[in-house]
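Q: Encoded as structure tokens, here's the structure I'll be asking about.
The values are calculated or read from the model by the stated rules, or taken from the named source; none is laboratory data. Computed from a predicted model, the values in this text were never measured in an experiment. Counting neighbours? That spans all protein chains shown, and the Cβs are built from the backbone with ideal geometry, glycine included. Heads up: the accessible areas ignore ligands, DNA and RNA and are worked out on the full protein's heavy atoms, side chains in. Shrake-Rupley method; radii C 1.70, N 1.55, O 1.52, S 1.80 Å.
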Amino acid sequence: MDYGLTIVHLLIIGINLFAWIWPRMRRFHLWVVGITLFCWLFLGIWYGIGYCPVTEWQWQIKEQLGEHHLPNSFVKYHLDRITGQDIPDNIVDFITLGSFLLAIICAIKVNFFRLQKIR
């Protein structure tokens, strides 16, 4: 289950950041971005801004597997493991949010402000 949820997380992150690139994926991308924003902001009212139910489920499994003192962020958890450093939460949150907002800006541009061809 832990590996499966890691794959789900990576797919969600990949879709959020890059699915706007392919015309056939753009509508799906907007849905996934909307669901992500709903979780981060609306569910975040009760669980904390940036809340992700997939992270919640995965952390429950990791605790059953004996891992404790897990960070709030899936991204921080893996960046720390990859780099071997304890990257400050605010830096990880800034990078995560900045990347997400950049992807949303790109999605808005390609979905709603297409360039007119000059004749």
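Q: Could you tell me whether any residue of the stretch 44-61 is over 15 Å from the mean Cα position of the chain (by Cα), closer than 29 Å to TYR3 by Cβ, surrounded by 16 or more Cβ atoms within 10 Å (Cβ to Cβ) and not aliphatic (A, V, I, L, M)?
A: Among the residues of the stretch 44-61, at least one is over 15 Å from the mean Cα position of the chain (by Cα), closer than 29 Å to TYR3 by Cβ, surrounded by 16 or more Cβ atoms within 10 Å (Cβ to Cβ) and not aliphatic (A, V, I, L, M), which makes the answer yes.
Q: Here's something else I'd like to know. Hey, any hits in the stretch 26-33 for a residue that's on the phi < 0 side of the Ramachandran plot and in contact with a Leu (Cβ under 7 Å, 6 or more places away or on another chain)?
A: Kept after step one, since they are on the phi < 0 side of the Ramachandran plot, are these residues of the stretch 26-33: 26-33.
Retained after the next criterion (residues that are in contact with a Leu (Cβ under 7 Å, 6 or more places away or on another chain)): none.
No.
Q: Here's a check for you: in the stretch 76-88, which residue that is in a helix (DSSP H, G or I) and open to solvent by 40 Å² or more (accessible area, probe 1.4 Å) is farthest from VAL32 (Cα to Cα)?
A: Narrowing the stretch 76-88 to residues in a helix (DSSP H, G or I): 76-83.
Pick out the ones that are also open to solvent by 40 Å² or more (accessible area, probe 1.4 Å) and you get 78-79, 81-83.
Working: HIS78: 22, LEU79: 23, ARG81: 26, ILE82: 26, THR83: 28 Å.
Step by step, filter the stretch 76-88, then rank; the result is THR83.
Q: With respect to the numbered conditions (1) over 19 Å from CYS106 (Cβ atoms); (2) surrounded by 14 or more Cβ atoms within 10 Å (Cβ to Cβ), which one is the sole condition not fulfilled by MET25?
A: (1)
Q: Does ILE104 fit the bill of being closer than 14 Å to ASN16 by Cα, free of Cβ contacts under 8 Å to residues at least 60 places away in the same chain and assigned to a helix (DSSP H, G or I)? Talk me through it step by step, then tell me what you get.
A: Working: closer than 14 Å to ASN16 by Cα: yes; free of Cβ contacts under 8 Å to residues at least 60 places away in the same chain: no; assigned to a helix (DSSP H, G or I): yes.
Against the criterion (closer than 14 Å to ASN16 by Cα, free of Cβ contacts under 8 Å to residues at least 60 places away in the same chain and assigned to a helix (DSSP H, G or I)), ILE104 does not qualify.
Q: Let me ask you something else. Of the residues ILE91, ILE118, ILE108, which single one is open to solvent by less than 100 Å² (accessible area, probe 1.4 Å), modelled with pLDDT under 95 and over 13 Å from the mean Cα position of the chain (by Cα)? Steps first, please.
A: Details: ILE91 fails: modelled with pLDDT under 95; ILE118 fails: open to solvent by less than 100 Å² (accessible area, probe 1.4 Å).
Result of the check over ILE91, ILE118, ILE108: ILE108.
Q: For the stretch 19-74, list the helices (runs of 4 or more DSSP H) that sit wholly inside it and hold at least 1 residues that are closer than 21 Å to ILE87 by Cα and in contact (Cβ under 8 Å) with a residue 24 or more places away in the chain; which are they?
A: Details: elements: 26-37, 44-47, 53-64.
In the stretch 19-74, the matching helices (runs of 4 or more DSSP H) lie at 53-64.
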